[in-house]
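Here the structure comes first, spelled out in structure tokens, and everything after it is commentary.
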Amino acid sequence: MAADSARRRGPVGWWRRRSLRVRLTAVSAAVLALGLALSAYVFVDALSRALVSTIDEGIHQRAREVVALSDAHRLDGPIVTTDNTIVQVVSRDGRIIGATGNTDRLVPLLSAESRAAALTDDGARFLDGRPYGIPGVLRVTVLRADDGVTVIAARSFAEVQGSIGAAAHVMLIGTPLLLVLLAAASWLVIGRTLRPIDALRRGAAEITGTARSRRLPVPEAHDEVHSLAMTLNDMLARLEDAGARQRALVSDAAHELRSPLASIRLQLEVALNHPEGQDWQETAEGVLEDTLRLARLAEDLLALARLDEGRPSRREPVDLNELVSRTADRYGIAADLPAATLTVTGDAMDLGRVLTNLIDNAVRHRTAKVAVALTQAGGPDARMAEITVTDDGPGIPAEDRERVFDRFTRLDAARSRDDGGAGLGLAIVRTTLHAHGGTIHLTDASPGLTAVVRLPLS
């Protein structure tokens, strides 16, 4: 705990408390600074290498020209150059036998050992020119000629140093200015990019439980923020629909609870106000009947609340042959079962409630008989088990066969409160089957009605 508190007070905690805009700008500025510094270093280094290479090529070319003159024995006068290149021609015994006018004719720029080392390296080197009366640093190369003669060519490095210094100075001043400009541009661009997110935040803050329109503003640009806003609005729409369904459920449940509670209250008030003429046995039976209706309604509401989570409470193999046969037997109905055992995965108690509700409805509305059958679907649905419950009663009009699955829906007097409960049975059936990955639909049995249930086999 103390370590977490210290971390929150430290640099990491301070950084995490900054806004997203500040952090993105800081990170982008740091990356830009690193990139600009690296680019400046590479530029100055490449410029330096290019200028040094240019000097080396120039003095090497002059040295080769002098070597050619020496080998042709044409060094009979002073050596003349047009680019301020210093040239000395040194004999085998170390005497200067030819030189340009801008250098010493008595002391070679390089000693015998240095000349030998330079010939071995086969490349130019730096030389301090001050001991020879030449200010600054020289770039020197040595070439071999015939008869043991060596040619020394050199050029001042001051111009190159000045060019490199000027470039470094420009980079030293220009890079921070460019970094500031890019950081400011990043701040503005990031702020503009995050503006739709801020609009979403303000829109979300304005949404309340009593707001008429619970939607977030959608930016015009079809980017990730647009997708986020659309997704959040879809989520809000689903939540709004769920809230509306919950409010409707509470309203319908309150309406359904009112009648049995009023009946119980009325019977008890009459019995208490007129005890001398009251049949207490009859009163107790009426109160018990209304209490049982309340208990069934409470159980149905609890079942719907649990099923609204969208998945079965238990997932285990369920033998449909045994389940269908056992449920039909309780109503004295002989179920038509397949030879092969059909098994699904789910909650046996919930699936039993489905069959009980369907068969109970069919028995309640039959004219003479009810048929229950279990088969394996064919064709593209071969991996589905199909259960049918058929009665020969009045049936349901085609336009109402979907509406009966809504909660608290009763169609006519034949499906009245006394006979058909609160209208939650088929809603529980569909919700249970959806939780198991199954479906249900109603078809005409001519006469009567057939409920068709399909469940995926294990």
(message) Between P380, P317, which is at pLDDT 85 or above and more than 15 Å from I440 (Cβ to Cβ)?
(response) P317
(message) S227 - would you say it is over 23 Å from the mean Cα position of the chain (by Cα) and among the polar types (S, T, N, Q)?
(response) no
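Residue by residue, here is whether (1) closer than 30 Å to A29 by Cα; (2) modelled with pLDDT of 80 or more holds:
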residue: A184; (1), (2): yes, yes
residue: L188; (1), (2): yes, yes
residue: R192; (1), (2): yes, yes
residue: I207; (1), (2): no, no
residue: R212; (1), (2): no, no
residue: E220; (1), (2): yes, no
residue: E224; (1), (2): yes, yes
(message) Quick test for you: out of P394, P338, pick the one residue that is surrounded by fewer than 19 Cβ atoms within 10 Å (Cβ to Cβ) and closer than 16 Å to L442 by Cα.
(response) P394
(message) Against the definition (under 14 Å from I152 (Cα atoms), of a type in the set (S, T, N, Q), in contact (Cβ under 8 Å) with a residue 60 or more places away in the chain and assigned to a helix (DSSP H, G or I)), how does S48 come out, yes or no?
(response) no
(request) Could you tell me which numbered condition G332 fails, if it satisfies all but one of (1) modelled with pLDDT of 85 or more; (2) in contact with a Leu (Cβ under 8 Å, 6 or more places away or on another chain)? (result) (2)
(request) Could you figure out which of (1) touching a Phe, Trp or Tyr at 6+ places or on another chain (Cβ under 8 Å); (2) buried (at least 17 other Cβ atoms within 10 Å of the Cβ); (3) within 18 Å of V52 (Cα to Cα) isn't true of M171? (result) (3)
(message) Looking at A305, A362 in this structure, which one is modelled with pLDDT of 80 or more, part of a helix (DSSP H, G or I) and hydrophobic (A, V, I, L, M, F, W, C)?
(response) A362
(request) Tally the residues that are surrounded by fewer than 21 Cβ atoms within 10 Å (Cβ to Cβ) and over 14 Å from G448 (Cβ atoms), restricting the search to segment 354-372. (result) 2
(message) Criterion first (touching a helix residue (DSSP H, G or I) at 6+ places or on another chain (Cβ under 7 Å), under 30 Å from V225 (Cβ atoms) and part of a helix (DSSP H, G or I)) does L182 satisfy it?
(response) yes
(request) Look at A154 and say whether it is under 27 Å from S48 (Cα atoms), out of contact with any helix residue (DSSP H, G or I) (no Cβ under 9 Å at 6 or more places or on another chain) and in the same structural domain as V80 (by TED's automatic domain parsing). (result) no
(request) Scan segment 90-113 and report the pairs whose first residue is among the polar types (S, T, N, Q) and whose second residue is part of a loop (DSSP other than H, G, I, E, B), with Cβ atoms within less than 8 Å and a gap of 6+ or a chain change. (result) S91/V149; T100/P78; T100/V80; T100/T81; T100/T85; N102/N84; T103/L109; T103/I134
(request) Please find, among G77, G58, the residue that is more than 30 Å from L178 (Cβ to Cβ), of a type in the set (G, A, S) and surrounded by 12 or more Cβ atoms within 10 Å (Cβ to Cβ). (result) G58
(message) Consider segment 324-381. How many of its residues are small (G, A, S) and in contact with a Pro (Cβ under 7 Å, 6 or more places away or on another chain)?
(response) 1
(message) Among the residues of segment 173-206, what is the count of those that are without any contact (Cβ under 8 Å) to a residue 12 or more places away in the chain and hydrophobic (A, V, I, L, M, F, W, C)?
(response) 9
(request) Report the residue count in segment 136-171 for those that are in contact (Cβ under 8 Å) with a residue 40 or more places away in the chain, of a type in the set (A, V, I, L, M, F, W, C) and over 18 Å from V87 (Cα atoms). (result) 5
(message) Can you confirm whether L188 is assigned to a helix (DSSP H, G or I) and surrounded by 12 or more Cβ atoms within 10 Å (Cβ to Cβ)?
(response) no
(message) If I ask for residues that are surrounded by 11 or more Cβ atoms within 10 Å (Cβ to Cβ), of a type in the set (S, T, Y), outside any loop (DSSP other than H, G, I, E, B) and out of contact with any His (no Cβ under 7 Å at 6 or more places or on another chain), which ones from segment 96-148 would you list?
(response) T100, S114, Y132
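The values are calculated or read from the model by the stated rules, or taken from the named source; none is laboratory data. Small disclaimer: the values here were computed from a predicted structure and weren't measured. Backbone-built Cβ (ideal geometry, glycine too); neighbour counts: all protein chains shown.
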